[in-house]
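Quick note: the coordinates plus some simple rules give every number you see, no bench work behind them. The shown structure was predicted, so the numbers you read here are calculated from the model rather than taken from an experiment. Ideal geometry is used to build each Cβ from the backbone, glycine not excepted, and the neighbour counts take in all protein chains shown.
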Amino acid sequence: MIHSRSAFTKTQLTDLFNQLVEHVDQGIRVIDAQEQLIIYNEKMRAIESMSYDDFTNKGLMEAFQFNDERDSRLLQAIKYGKQSLNEKQTYFTYLGEEVTTINEAFPIYSHGNIIAAAEVAKDITRMEKLVRENRKKKENSLFTFSDIIGNSNELREVIENASRATRTSSPVLIIGETGTGKELFAQSIHSESDRATGPFISQNCAALPETLIEGILFGTVKGAFTGATERAGLFEEAEGGTLLLDEINSLAPALQAKLLRVLQEKKVTRLGDTKERSFNVRVLTTMNEDPVEAIAAGRLRKDLYYRLSVVTLLIPPLRERIHDIEPLTATFIAKYNTIFQMNIENISVQLERRFLSYNWPGNVRELEHIIEGAMNLTIDEQMLQVHHLPPHFRHKTSKKGTLSALAQNENAVDLPTHLATVEKEWVQQALKQANGNVMKAAKDLGISRQSLQYRMQKFHLNRDPFLNG
Ligand SMILES: Nc1ncnc2c1ncn2[C@@H]1O[C@H](COP(=O)(O)OP(=O)(O)OP(=O)(O)O)[C@@H](O)[C@H]1O
Ligand SMILES: [Mg+2]
């Protein structure tokens, strides 16, 4: 509420208001009585991966591809003064960031008339994550390879490599975008190894401040720092089992150095203690970016990377293994049929087409959320259809939504795709010239052997075709 004593001019007030709206951490969208978009703040644009342009000269019905005005809470608010509250939605931004919001929509009055309608999306992502992680801990039954759904050769290959890794206690580095199933793989490796009877402990390295995480990993003694108590670290707690360090590239460099020492010496010292304790723990790690880029950007220590990547599993994003979409969809429909007591049998051809052409920044997790959300909107139906999709998703998977102006030209590709193509050609070329000698090809390319091997895996290149005779 702006105080009536404020001496601001109208322009200053407008500036103040605009910057505030742009800055807040809640998504805001406002339409006027003509149903034109008048406020669409930064947070909301990020959540929905849309811009003002997507709405230019378009009503909400068109931009979001609503079939029926009843689908839009904003239209219900502007036309009939209806208020809607507390609707939970999960979105994936174009960067693959998961955002869970509680949305409400309400009319805005001036002198008793409705002049606008607003939609506000409160970000509850952090809370949602905590709840999910706690639930997972309580459920306590670990995944096995049979829980990993998918028929694509790409996925089958990762499963094969992961199964092989169950026979040893070597470290495994699992690389994949968010929601590709890194945790699923880590748990499967543990539960099918002979450590299965031991503990499986997982710790996200990004979730906590540096000072805390050090104590959590290595343990503390009373008085090590203010408030410190005598406590075993995760290395001790995982004795005889497996420790999963999630998002290792988020660990501060100093801690990465310390972790490396601990792994090399197979001994840990609690913070503030002098006594060294040996441990028998298998260490699995995950990261969601190219390790070579992480090393170049200083987010990952090279020596630690070599130590952790004895076995590397690269899980391709869902868009690169579209054969998995159908079986995953069937699995999630069956899951929510049971939970919701429904009888969905299949999905429409149009919906399937959208699933196959979408780029899935949130990968399998996003697919599951979309199916759960869509099933919430069915009423005694047997088929999931496009109009059951949440509006932002419907927009993103529509022709105009998915393709930017550049990509609408069939031959044009975006920069990352182009760079990847060039990169693959160079790697192929170098391998060919070196007759499949990885060491030599790496040298010619001016990169390390590990880095070349990572790229060969990424592009599914085998050295054999490059061997002469
Ligand atoms: N191939 C699959 N088959 C069945 N379920 C899958 C598959 N891949 C992922 N999932 C499901 O998708 C969700 C996300 O998987 P998971 O938590 O393993 O992803 P992640 O790679 O660890 O993601 P993040 O980087 O965000 O932590 C989970 O509910 C998981 O069960
Ligand atoms: Mg994970």
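Of the trypsin sites (Lys or Arg not before Pro) found in the stretch 223-303, those in coil by DSSP whose Cβ has at most 16 other Cβ atoms within 10 Å are Lys266, Lys275. For the stretch 63-127, chymotrypsin sites (Phe, Trp or Tyr not before Pro) are listed when DSSP marks them as loop and at most 11 other Cβ atoms sit within 10 Å of their Cβ; the list is empty.
Taking only the Cα atoms of the chain, the ratio Rg/Rh comes out at 1.01, with Rh defined as the Kirkwood radius.
Rounded to the nearest 10 degrees, the angle from helix 449-458 to the longest Cα principal axis of the chain is 50 degrees.
Its DSSP H runs of at least 4 residues, each contributing -39,500 (n - 2.57), put the calculated 222 nm mean residue ellipticity of the chain at -12500 deg cm²/dmol, to the nearest 500. For the stretch 315-400, GluC sites (Glu not before Pro) meeting the loop criterion (DSSP other than H, G, I, E, B) and having at most 15 other Cβ atoms within 10 Å: Glu345, Glu381. Neighbour counting of Cβ atoms within 10 Å sorts the residues Tyr336, Tyr52, fewest neighbours leading, into Tyr52, Tyr336.
Using only alpha carbon pairs under 8 Å that are at least six residues apart, calculate the relative contact order of the chain and give it in whole percent. Please list the in-between numbers first.
On the way: 752 pairs, mean separation 59.7, N = 469.
About 13 percent, as a whole number.
Based on the Cβ-Cβ distance of Ile115 and Asp25, what FRET efficiency does E = 1/(1 + (r/R0)^6) give at R0 = 45 Å, to the nearest 0.05? Taking R0 as 45 Å, the efficiency between Ile115 and Asp25 is 0.95. Each residue of the stretch 107-112 was assigned a 3J(HN,Hα) from its phi angle through the Karplus expression (A = 6.51, B = -1.76, C = 1.60, θ = phi - 60°), giving x, 10, 9, 9, 6, x Hz with x at Gly and Pro.
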